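Working notes, structure below.
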Amino acid sequence: GNSVTQMEGPVTLSEEAFLTINCTYTATGYPSLFWYVQYPGEGLQLLLKATKADDKGSNKGFEATYRKETTSFHLEKGSVQVSDSAVYFCALNPADKLIFGTGTRLQVFP
Amino acid sequence: KAGVTQTPRYLIKTRGQQVTLSCSPISGHRSVSWYQQTPGQGLQFLFEYFSETQRNKGNFPGRFSGRQFSNSRSEMNVSTLELGDSALYLCASSLTTTNTEAFFGQGTRLTVV
């Protein structure tokens, strides 16, 4: 079946620290992969995406590379800010729907 | 251009009642999907509509239903509400059915008491 596994949170970092949030997936076929972010009281915002193996998605300093050999799509940022505090969801779309991971809460302190 | 609009933002209902939630997609988008978000189950797919037809359905009981109108606006209905239906209901719109880029609304927070 299709599924997404994310590292459990919360991830607590100081401002300007390096961020990695791990995401691995199981899928049939070749789905697109996504990272969504949810700020408190809000819906989901698309952060970045990759549509095929070895693609790198990037946005707002965040990056993730579609690794077919390790079935991974880890999210990274070189220097986090307090404003990055949110919940991050990894997702894939094997068909006409999105399958999400459980989400990872990121807390960044000054 | 305007984003995805969901109304109302908050609802409080009593067990046994029914509720209707509304979603207006981004102009030009013909696909609307619905998701339920709870602390215990996370984000779960409810159903997807494209050009007024339900294209895909998640694993939810028949109390959950939806429809899409000719202007692509969508509604979802939950009948005979249960306490466990308390959740954030999110609507997402896409240009096509493949959800290659889905844009989400802010959600409707439903509380069943």
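Descriptive notes on the structure:
- Summed over the stretch B:56-94, the residues that are surrounded by 19 or more Cβ atoms within 10 Å (Cβ to Cβ), within 14 Å of another protein chain (Cβ to nearest Cβ) and assigned to a loop (DSSP other than H, G, I, E, B) give a count of 0.
- Candidate set from the stretch B:95-113 (those that are of a type in the set (Ser, Thr, Tyr) and under 16 Å from B:Ser51 (Cα atoms)); member that is nearest to the other protein chains (Cβ to nearest Cβ): B:Thr97
Conditions (1) under 18 Å from A:Val37 (Cα atoms); (2) under 13 Å from the mean Cα position of the chain (by Cα); (3) hydrophobic (A, V, I, L, M, F, W, C), marked per residue:
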site	(1), (2), (3)
B:Leu11	no, no, yes
B:Gln18	no, no, no
B:Pro25	no, yes, no
B:Arg30	no, no, no
B:Pro39	yes, no, no
B:Gly84	no, no, no
B:Ala92	yes, yes, yes
B:Gly107	yes, yes, no
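- Selected residue (criterion: least open to solvent (accessible area, probe 1.4 Å)) from residues of the stretch A:1-59 that are β-branched (Val, Ile, Thr) and outside any strand (DSSP E or B): A:Thr51
- Qualifying residue in the stretch B:31-48 (condition: away from chain A (no Cβ under 11 Å) and open to solvent by 70 Å² or more (accessible area, probe 1.4 Å)): no
- Among the residues making up the stretch A:79-90, those that are open to solvent by less than 50 Å² (accessible area, probe 1.4 Å) and either more than 14 Å from chain B (Cβ to nearest Cβ) or in contact with a Cys (Cβ under 8 Å, 6 or more places away or on another chain) (or both) are A:Ser79, A:Val80, A:Asp84, A:Ser85, A:Cys90.
- Filter pass, A:Lys60 being out of contact with any Asp or Glu (no Cβ under 8 Å at 6 or more places or on another chain), within 14 Å of another protein chain (Cβ to nearest Cβ) and among the basic types (Lys, Arg): no
- Test set (1) free of Cβ contacts under 8 Å to residues at least 40 places away in the same chain; (2) open to solvent by less than 70 Å² (accessible area, probe 1.4 Å); (3) over 23 Å from A:Thr12 (Cβ atoms); (4) within 13 Å of chain B (Cβ to nearest Cβ) - A:Leu98 fails condition number: (1)
- Residue match in the stretch B:8-18 (condition: assigned to a strand (DSSP E or B), surrounded by 13 or more Cβ atoms within 10 Å (Cβ to Cβ), at pLDDT 95 or above and of a type in the set (Val, Ile, Thr)): no
- Selection status of A:Gly9, away from chain B (no Cβ under 11 Å), touching a strand residue (DSSP E or B) at 6+ places or on another chain (Cβ under 7 Å), modelled with pLDDT under 95 and on the phi > 0 side of the Ramachandran plot: no
- Qualifying position, being open to solvent by less than 60 Å² (accessible area, probe 1.4 Å) and modelled with pLDDT under 95, among B:Thr97, B:Thr108: B:Thr97
- Verdict on B:Thr7 being away from chain A (no Cβ under 14 Å) and either on the phi > 0 side of the Ramachandran plot or not charged (D, E, K, R) (or both): no
- Selection status of A:Val108, at pLDDT 95 or above, open to solvent by less than 20 Å² (accessible area, probe 1.4 Å) and more than 21 Å from B:Gly107 (Cα to Cα): yes
- Only one of the numbered conditions (1) more than 14 Å from chain B (Cβ to nearest Cβ); (2) polar (S, T, N, Q); (3) closer than 26 Å to B:Cys91 by Cα; (4) not in a loop (DSSP other than H, G, I, E, B) is not met by A:Asn93, and that is (1).
The values are calculated or read from the model by the stated rules, or taken from the named source; none is laboratory data. Since the model is a prediction, treat every value here as computed from it, not as a measurement. Please note: Cβ atoms are built from the backbone with ideal geometry, for glycine as well, and neighbour counts cover all protein chains shown. In case anyone asks, the SASA skips ligands and DNA or RNA and just uses the protein heavy atoms, side chains included. Shrake-Rupley method; radii C 1.70, N 1.55, O 1.52, S 1.80 Å.
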